[in-house]
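Just below is one structure, and these are the notes that go with it.
The values are calculated or read from the model by the stated rules, or taken from the named source; none is laboratory data. Not measured: the values here are computed from a predicted model. For neighbour counting, all protein chains shown are included, and Cβ atoms are generated from backbone atoms with ideal geometry for every residue, glycine included. All accessible areas refer to the heavy atoms of the entire protein, side chains included, with ligands and DNA or RNA removed. Shrake-Rupley method; radii C 1.70, N 1.55, O 1.52, S 1.80 Å.
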Amino acid sequence: MIPSLILRTATRLLVSMILVFSVYLLLRGHNAPGGGFAGALVAGTGFALYIMAEGSESVRRAIRIDPRGLIVFGMGLALVSGLIGMLAGKPFLTGLWWTIAEINSREIVVGTPLFFDIGVFAIVLGTILTLILALEEN
Amino acid sequence: METALAFMCGIIAAASIYLMLSGNLIRFIFGLVLATNAVNLLIFVSGRLAETRPPLIGDDAAVPVQEVANALPQALILTAIVIGFALLTFVFILFYRTYQSLGTVDTESMRISEPAESDPDDGATPGDKSDASGRVSGEGPA
Amino acid sequence: MTEHLGKTGIERAARATGILPLLLFLGAAAMVPHTAAGESYRLAIAWVPGLGVNLSFMLDGLSVLFALIITGVGFFVTLYAVDYLHGHSHTGRFFVFLHAFMLSMLGLVLADNVLSLFVFWELTTIFSYLLIGFEHEAEASRKSARQALLVTGAGGLALLVGFLLMGIATGTYEISQMVAMSASLPDHPLYGAILVMVFLGAFTKSAQFPFHFWLPNAMAAPAPISAFLHSATMVKGGIYLLARFHPILGGSEAWTAVLVIVGGVTAVVGAFTALGQTDLKKILAYTTVSALGIMTMFLGGQNAPSLTAAMTFLLVHAIYKSALFLVAGIIDHQAGTRDIEKLGGLARSMPVTALGAFAACFSMAGFPLFFGFIGKEIMYKGALAEAMMPGLTTAAAVLANGLMTAVAGIFLIGPFLSGAARHPGPRPEACAAMCSGPLVLGGLGIFFGIVPEFVGNWLVSPAVLSFHAHLEHIKLELFHGINPPLLLSALTLALGVALYLARKRVNYGVCRAYEMIPLDASRVYDAAVAAVAALGRAQTRVLQNGSLHRYFYIVAGAFVLLTGYSYVHGMQVLPDIGVPVLSLREWLLILVILAAAGAVLVTRSVLLAICALGVVGAGIAVIFLSYGAPDLALTQLLVETLTVIIVSIILLHLPGLGPGRKTTGRKKLFDGVLAVGMGVLMTTLILTVLSTPLDRSVTDFFENNSYLAAHGRNIVNVILVDFRSMDTLGEIIVVATAGLAGYALIQKRRERL
């Protein structure tokens, strides 16, 4: 089955926008609706669309790494973000924050929960991709 | 609305149980989806409903200025939805593989390790039933 | 490992493990001067301090006596077993079990905390099970192993109850502390229960009447195991227990009465049964039962001679009986049979083994100049000095000892001295390593018999004094002068000769007695095992009949009934429910969701069902959105989308729903009743929750700290990644596991194709 030209063209446009949107959802999640779970689901939907249009092979080429590696990476990131708190002598997974800049008397902060959220994102996206790709190639 | 939703949850739960008891794996999955929804809604309603603002803190405030919706059940349900999805997918794949190996989605025809003894409650023989629930002839699709 | 080292390599390694018991023996021997001086040593390591469980050990005269027996016999058994098992395919496993057993047994006799004692007690049971079933390809082996495990294991559980009750009664689990405060224990209301439980443990382990049937069956084990576990060490565990707790529990008439009667009956029944056996190992097994009975009987006593007799006979018996088991093993190994009716003339073909056998048998028969004689003398002295039932004790001791003398004759005269004509072929002598055990142990019986003061002062008396420090010191002597014990000894020997000559007639009587009255509980055991198996089959037929429908019905039904019961039991009263006042939009939403759910229920089209499920999900997303949960609405909609994608990939390969089940209306009715029950329960639960005031304290905390402490304005997200991130971590682990497991399932299929 060859997907239609319209689908393939639209997909190229859409998928890149969907992926950008998913990262946006992930990063703004701490202050507005969104976050790692929602972001990963959006990205997963985008990749699913891509698979329908271009086939699983091109998706594998595009993401370069094995999606199972994404799960491992996410798990590692979540654990490391928890261990940083322990290094500071606090319980596992305690959030730590650092101010990196100040714009218009507003602090821009990064903290370990952000990395944790990115870990969540990677695990959920990795799981979705692993399953969809495996099913599609079966 | 809370009362109405309580009754709705009950009805959905009843439907899900009936589907899961049907002995057909596909119906079982449908029941599972309904059950997930019913339980999520149960948690949501238990945290009280109010047509208020979402649990967000405004740009120029440190704590919510006006009353906001209860954030606790929302956090519980959010992960529950994602986990429900992951498990649903897993169950799907499991049943798919079962069908590939056994060629049927009727649970009464899957009793390879524990074959049925003569059960007076069963109106039909296993062979009849498997036809009823879509056993395909020969091997399952590769 | 086995492949690598080869047979001889394994055997060399096994022989080298003999160093372990040897070193432990030397270590224990080095402690003898200290314990003989009345010192004791304690070492405690906290294990589960919250429950009062400590790995605490105490070394005193009693422990040292047992430790010497365990390690000494263990050393010879190790050397012996290497050649006994020559060429066996599981040699490595055997020695692991053997040494693991030895260390558990050492732990048992050294433990000072009753709960760690229990752990070691059960460990010896388990290794005994593994060793009896060592030849696991034989059904008799497996059956005997299971019997020993169940009988001693059940006793072990009773013992645990007894220990816990003792802990309640005394407030401590440390034996040394119990001893210090035990004076009032016999008056404690729990005393009776404690006594019963401890006795059950000791009697099953030490094969006392009527639980003794497992010991003769345990002879399915290889001969070195019988020599080690089932004569010298493990079966003495119960004896150790009775001795160790003698100062705590022993001050009552109930203690004395039960032990004297049970021990006496065991001693006599065991010895009578031994008389009629033809298998060498069975003969030895029944005399072991009898000997254990004698020890139990004397531990019932309260005076110094009785307790000294028990401890002396313990050592006497360990030495001669393990030697005899090793001899039986050599005969079996070299001649190929243990049947005394097929054996003859072994004294000529196996002179070295015969030497060990004679020394050990003379000790068993209690001839003067042998250690057994010393044991018998002190026994009669103790029996005559008993405060309760001295006559009964003396009679039982004389009868049992007389029977043992006759059995010693049966063991020696038939196989070793008579009938050279019945040799099927030449029987070469066993190798030096195998002979060393019987020879050294037999020689030890003579040495101790000639200088009893030595063993009395260094081993036996310190053992007695370590659990009863106030008793007088009893000297073991070769000759006490002409006195009642000496006369009783002479009577015993005469009785033994008479019983030997009349053995056929006596045995006939014993067989008749067995036919008339059940002399052991093996029939009860068999019936119990059969009943458990039948119960298991019956409940499996009902609960686990292989029908998914049945399983699900049971799980869901139990949930509805139990939750419903506790609800009704709590007398929660429903609030008044009026018809809800809803806007048109809300009515429509609910009706659409319900209609979609109904469609899923009745449709036969998979596609329609999926669409209807999507409608249900989307409707719920709208509810989330209406009541201030945009995060949930977003996630719900995304999940619905992805579900449809995945479903569309898979469902295309699955068959349709078909026309539904061809089941009876009755079954459908049952399903419907359960479904409605679940629905009613769920609605009731929500309504009840709604009628109780909401505790907003947790939510308030999150709202107030979300930005100030966690720098986040989206409270839901802050809860997920910061406040409750541990929960989220668990949840993403579930997600990852589901993903990897699903992947593995698909992959497996691809590999097979």
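Selection of segment B:68-108 for residues being more than 21 Å from A:THR45 (Cα to Cα) and more than 7 Å from chain C (Cβ to nearest Cβ) yields B:PRO73, B:LEU76, B:PHE95, B:THR98, B:SER101, B:LEU102, B:GLY103, B:THR104, B:ASP106.
Here is a yes/no grid of residues against (1) closer than 28 Å to C:VAL455 by Cα; (2) open to solvent by 60 Å² or more (accessible area, probe 1.4 Å); (3) at pLDDT below 85:
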position: C:GLY9; (1), (2), (3): no, no, yes
position: C:VAL32; (1), (2), (3): yes, no, no
position: C:TYR41; (1), (2), (3): yes, yes, no
position: C:ALA46; (1), (2), (3): no, yes, yes
position: C:GLY50; (1), (2), (3): no, yes, yes
position: C:ASP83; (1), (2), (3): no, no, no
position: C:SER89; (1), (2), (3): no, yes, yes
position: C:PHE95; (1), (2), (3): no, no, no
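Of all positions in segment C:485-492, none carries a residue that is farther than 21 Å from C:ALA383 by Cβ and crowded, with 18+ Cβ neighbours inside 10 Å. Restricting attention to segment B:44-62, the residues that are open to solvent by 20 Å² or more (accessible area, probe 1.4 Å), of a type outside the set (Gly, Ala, Ser) and facing chain C (nearest Cβ under 7 Å) add up to 7. The numbered conditions (1) more than 7 Å from chain C (Cβ to nearest Cβ); (2) within 23 Å of the chain's Cα centre (by Cα); (3) not basic (Lys, Arg) are all true for B:VAL65 except (2). Suppose the filter is in contact (Cβ under 8 Å) with a residue 60 or more places away in the chain and open to solvent by 30 Å² or more (accessible area, probe 1.4 Å); does A:ARG8 pass it? When the stated conditions are applied, A:ARG8 does not pass them.
Checking the stated criteria, C:LEU740 turns out not to satisfy the condition of being closer than 29 Å to B:LEU19 by Cα, within 47 Å of the chain's Cα centre (by Cα), at pLDDT below 90 and surrounded by 15 or more Cβ atoms within 10 Å (Cβ to Cβ). Only one entry of A:ILE18, A:ILE103 meets the criterion of being open to solvent by 20 Å² or more (accessible area, probe 1.4 Å), β-branched (Val, Ile, Thr) and away from every other protein chain (no Cβ under 13 Å), and that entry is A:ILE103.
Counting residues in segment C:287-309 that are modelled with pLDDT of 90 or more, open to solvent by 10 Å² or more (accessible area, probe 1.4 Å) and over 26 Å from the mean Cα position of the chain (by Cα) gives zero.
Within segment C:392-418, no residue that is outside the structural domain of C:LYS376 (by TED's automatic domain parsing) sits with its Cβ atom under 8 Å from a residue that is open to solvent by 10 Å² or more (accessible area, probe 1.4 Å) at 6+ positions apart or across chains. In a residue-by-residue description of segment C:108-127, the property of being open to solvent by less than 30 Å² (accessible area, probe 1.4 Å) and part of a loop (DSSP other than H, G, I, E, B) applies to at least one position.
Inside segment A:65-107, can you point out the residues that are of a type in the set (Ser, Thr, Tyr) and assigned to a helix (DSSP H, G or I)?
A:SER81
Against the criterion of being assigned to a helix (DSSP H, G or I), over 16 Å from the mean Cα position of the chain (by Cα) and in contact (Cβ under 8 Å) with a residue 60 or more places away in the chain, C:GLY237 does not qualify. Is segment C:514-529 home to any residue that is touching a residue at least 60 places away in the same chain (Cβ under 8 Å), surrounded by 16 or more Cβ atoms within 10 Å (Cβ to Cβ) and β-branched (Val, Ile, Thr)? Within segment C:514-529 (the criterion being touching a residue at least 60 places away in the same chain (Cβ under 8 Å), surrounded by 16 or more Cβ atoms within 10 Å (Cβ to Cβ) and β-branched (Val, Ile, Thr)), the answer is no, since none of the residues qualifies.
Considering only residues in segment C:629-653 that are over 18 Å from C:ALA597 (Cβ atoms), out of contact with any helix residue (DSSP H, G or I) (no Cβ under 6 Å at 6 or more places or on another chain) and modelled with pLDDT under 90, the one that is most open to solvent (accessible area, probe 1.4 Å) turns out to be C:LEU652.
Select, from C:ASP727, C:ASP631, the only residue that is in a helix (DSSP H, G or I) and either at the interface with chain B (Cβ under 7 Å from one of its Cβ atoms) or not charged (D, E, K, R) (or both).
Values: C:ASP727 fails: either at the interface with chain B (Cβ under 7 Å from one of its Cβ atoms) or not charged (D, E, K, R) (or both).
It is C:ASP631.
Screening segment B:2-43 for residues that are facing chain C (nearest Cβ under 7 Å) and touching a Pro at 6+ places or on another chain (Cβ under 7 Å) and picking the one that is least open to solvent (accessible area, probe 1.4 Å) gives B:ALA4.
Out of A:THR9, A:THR94, one residue alone is of a type in the set (Ser, Thr, Tyr) and either modelled with pLDDT under 85 or under 25 Å from C:HIS711 (Cα atoms) (or both). It is A:THR94.
Considering the conditions (1) facing another protein chain (nearest Cβ under 7 Å); (2) modelled with pLDDT under 90, C:LYS668 is excluded by exactly one of them, (1). Taken over segment C:373-394, the criterion of being small (Gly, Ala, Ser) and open to solvent by 10 Å² or more (accessible area, probe 1.4 Å) is satisfied by C:ALA385, C:ALA387, C:GLY391.
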